[in-house]
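Q: I have a structure here, written as structure tokens, and I will follow up with some questions on it.
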Amino acid sequence: MRTLIHLELYKLRTVRAPLVLLGLSQLLIVGGVTGLVVSSDTLRTADAAPSALAHAGLASLFTLVLGIMAVAGEYRNQTITDTFLSTPRRSRAIAAKLVAYAVAGAAFAAVNAVTAVVATRTWWSVEGVPLDLDEAELWRTIAGCAAWNVAFAVVGVGVGALMRNLTAAVAAALAWIALVEGIVGQLVGDLARWLPFSAGSALGDLPGRVGGLEPVSQVAGAAALAGYAALFALVAVTTTVRRDVT
Amino acid sequence: MAQGISIEGLTKRFGSITAVDDLSFDVPSGRVTGFLGPNGAGKTTTLRMLLGLVAPTSGEALVDGRRYQDLDAPRRTVGAAVEAMAAHPGRRARDHLWVLARTAGAGPERVDEVLEMVGLTEAQHRRVGGFSLGMRQRLGLASALLGDPQYLVLDEPANGLDPAGMAWLRGLLRGLAAEGRTVLVSSHVLSEVAQTADHVVIVNAGRLRYAGPLAELDADGRSLEEAFLDLTATS
């Protein structure tokens, strides 16, 4: 199992897509923090600094796409055949991917956190505003964003394993975040706070993002996302074990 | 324990389509066996069932008496190349092989060896996306050879090879059989395997049409080609 996990990480290191996604994450974070600063009347509100830092959590979009590539990308390049020839007990192959992509998600999370903190501190000092954020709140936000990054990587592995078509899976995931979750949220009332992106926002300590509704607590968001990650991990294994690879 | 590759009553239905229909044959050890039939005859589905990639509707395909997925060291027992384009275009050839080598229990020196065997030593640090179809076929063969397996299962390895490549492939397969290995190689063109295989299995519409020595195919005085076309004519 250790070998399989190492091999999945080696596979990630020997292609360029993960680095591209990591680079795009940093652009999103820096752009997001900058946008917040230039569009805001004052950075002195209590929400301003956590909102800026939480862009590290929004970069979960990219760990989600990374996760989707784990299985769907292998179907696209037909390397899934060789993967299963090497590891005919497919549940082991998928389990190794789930662990490896969680690790990769954590690596993304670390870089994302550094970028978010540096971008926030830089802008706040440029604007001459003292960063009104105690250590505990800073770490709480950073840790929540990191957990969100990791959970979405695992969810992505499940989505990719379920759909197998890379383009369709990425499109579906992005459509869910941009559009579908909002529509579903309006249909389910209070439960909307527990949908994946809303739960992630709560975990990432993203202030007031859930349209109209007070977000669930950070701990509740963490529990919800852990549940989604476990569910999608299960989906990844069960859908992969039975299907014919033609 | 039963030795060799053995197909017994193998059947696969995809919905209402029967791709493989009660197919039974044995693959003789230490020789090259050509697995022949027109496109859509069920060759690829049969090979994929043999490799545990497709689940049979009924029947079984066994290697040394066991299903592929039950083998202790699958890549050291069976080397397979069933997908000509199967590599991440952005990964370098050597990295691609190294990933597979680790699961085949092979070291870096074995990667060097197989690269040499298939003539890709010069190209090993190039990204696979820039490879021609012929080079990808060679890369697939290299990956099959990594585990130094007793059995080789190759699906249409000649596709995309130029005449020189075909000659090279024939030499490689003959050499592997001469070392005592069992080679099962599919093709839809009889002439591709006629110079290499001494045993042939011919299928059409998922059913077995002939299994036996190539030499006996033209026993009644017809040419090999005529006999093959007769056997694979729409029934």
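Every read-out reported here was derived from the displayed coordinates using simple, explicitly stated rules and does not represent laboratory data. Just so it is clear, the model here is predicted, and its values are computed rather than measured. Neighbour counts run over all protein chains shown; Cβ positions are idealised from the backbone, glycine included.
Q: Charges at C-beta only: +1 for Lys and Arg, -1 for Asp and Glu. How large is the resulting dipole of the range A:75-174 about its Cα centre, in Debye rounded to 20?
A: With Lys and Arg at +1 and Asp and Glu at -1, about 860 debye.
Q: When chain A is treated as a GNM, springs tying every alpha-carbon pair under 10 Å, which of A:204, A:160, A:23 comes out with the largest mean-square fluctuation?
A: The residue that fluctuates most here is A:23.
Q: Between A:84, A:232, A:152, where does the largest GNM mean-square fluctuation fall for chain A, given springs only between Cα atoms within less than 10 Å?
A: So, out of A:84, A:232, A:152, the one fluctuating most is A:84.
Q: Along the charge dipole of the protein assembly as shown, pointing to its positive end and built from +1/-1 on Cβ of Lys, Arg, Asp and Glu, which listed residue (A:37, A:172, B:51) has its Cα farthest out?
A: Among A:37, A:172, B:51, the one farthest towards the positive end of the dipole of the protein assembly as shown is A:37.
Q: Among A:136, A:115, A:95, flag the residue with its Cα farthest along the positive direction of the charge dipole of the range A:72-159, charges on Cβ as +1 for Lys/Arg and -1 for Asp/Glu.
A: After comparing all options, I get A:95.
Q: Right, something else. Connecting C-alpha atoms closer than 10 Å in a GNM of chain A, tell me which of A:186, A:26, A:218 has the biggest fluctuation.
A: A:186
Q: Next up: What distance in nm separates the simple spin-label points at residue B:85 and residue B:116, each placed 7 Å from Cα in the Cβ direction?
A: If labels sit at residue B:85 and residue B:116, their model points lie 3.3 nm apart.
Q: For A:10, B:151, A:101, which order do you get if you count the other beta carbons within 10 Å of each Cβ and list the fewest first? Don't jump to the answer; show the numbers that get you there.
A: Details: A:10 14, B:151 21, A:101 30.
In order of increasing Cβ crowding within 10 Å: A:10, B:151, A:101.
Q: Using a cut-off of under 13 Å, list every residue of the range B:180-224 whose amide N is near the label point 7 Å from the Cα of residue B:24 along the Cα-to-beta-carbon line.
A: B:208
Q: Taking the beta-carbon count within 10 Å as an exposure proxy, list B:75, A:44, B:170 from fewest neighbours to most. Mind showing how you got there, number by number?
A: On the way: B:75 26, A:44 12, B:170 18.
Ranking B:75, A:44, B:170 by Cβ neighbours within 10 Å, fewest first, gives A:44, B:170, B:75.
Q: Please rank B:26, B:70, A:41, fewest neighbouring Cβ atoms within 10 Å first, as an exposure proxy. Display every interim value, and only then the final one.
A: Details: B:26 16, B:70 13, A:41 7.
Least crowded to most crowded, the residues run A:41, B:70, B:26.
Q: Here's a follow-up. In chain B, with Lys and Arg counted as +1 and Asp and Glu as -1 at Cβ, which of these residues, B:180, B:208, B:130, has the Cα nearest the positive end of the dipole, that is, farthest along it?
A: Selected residue: B:130.
Q: In a shell of Cβ-Cβ distance under 13 Å around residue B:83, excluding residue B:83 itself, what net charge do Lys and Arg (+1) and Asp and Glu (-1) give?
A: Numbers: positive: A:76, B:48, B:136; negative: A:74, A:82, B:155, B:156.
Result for the neighbourhood of residue B:83: -1.
Q: Rounding to the nearest 20 debye, state how big the charge dipole of chain A is about its Cα centre with +1 on each Lys and Arg Cβ and -1 on each Asp and Glu Cβ.
A: Numbers: 17 positive and 15 negative charges, 262 e Å.
For this selection, approximately 1260 debye.
Q: If I model a spin label as a point 7 Å beyond the Cα along the Cα-Cβ vector, how far apart are those points for residue A:2 and residue A:234 in nm?
A: Going by the 7 Å Cα→Cβ label model, 3.0 nm.
Q: Ignoring GluC sites (Glu not before Pro) that are buried or in helix or strand per DSSP, and keeping those with at most 14 other beta carbon atoms within 10 Å, what is the longest stretch of chain B between them?
A: Values: sites that count: B:122, B:179.
It works out to B:1-121.
Q: Give, as a single signed number, the net charge of other residues whose beta carbon lies under 12 Å from the beta carbon of residue B:165, with Lys and Arg counted +1 and Asp and Glu -1. List each step's numbers first, then the result.
A: Details: positive: B:136, B:138, B:170; negative: B:162, B:192.
Here the count lands on +1.
Q: Pull up the DSSP beta bridges for the protein assembly as shown and report the antiparallel fraction as a percent, rounded to 5. Don't skip to the answer; put the middle values down first.
A: On the way: 20 of 38 bridges.
Given both bridge residues lie in the protein assembly as shown, the antiparallel proportion sits at roughly 55 percent.
Q: With contacts defined as alpha carbon pairs under 8 Å and 6 or more residues apart, what's the relative contact order of the range A:1-63 in percent?
A: Taking the mean separation of contacting Cα pairs over the length of the range A:1-63, I get 41 percent.
Q: Let me spell out the model: positive unit charges on the Cβ of Lys and Arg, negative unit charges on the Cβ of Asp and Glu, origin at the Cα centre of the protein assembly as shown. What dipole size does that give, in debye rounded to 20? Intermediate results must be reported in sequence, preceding the final value.
A: Details: 41 positive and 43 negative charges, 66 e Å.
Dipole about the Cα centre, nearest 20: 320 debye.
Q: Each label point is 7 Å from the Cα along the Cα-to-Cβ direction; what then is the distance between the points at residue A:129 and residue B:8, in nm?
A: Going by the 7 Å Cα→Cβ label model, 7.6 nm.
Q: Loop only per DSSP, at most 14 neighbouring Cβ atoms within 10 Å: give me the trypsin sites (Lys or Arg not before Pro) in the range A:54-133, ordered by residue number. Before the final figure, lay out each step's value.
A: Working: sites: A:76, A:89, A:90, A:92, A:97, A:121; in loops: A:89.
Here the trypsin sites (Lys or Arg not before Pro) that fit, given the DSSP loop and packing criteria, are A:89.
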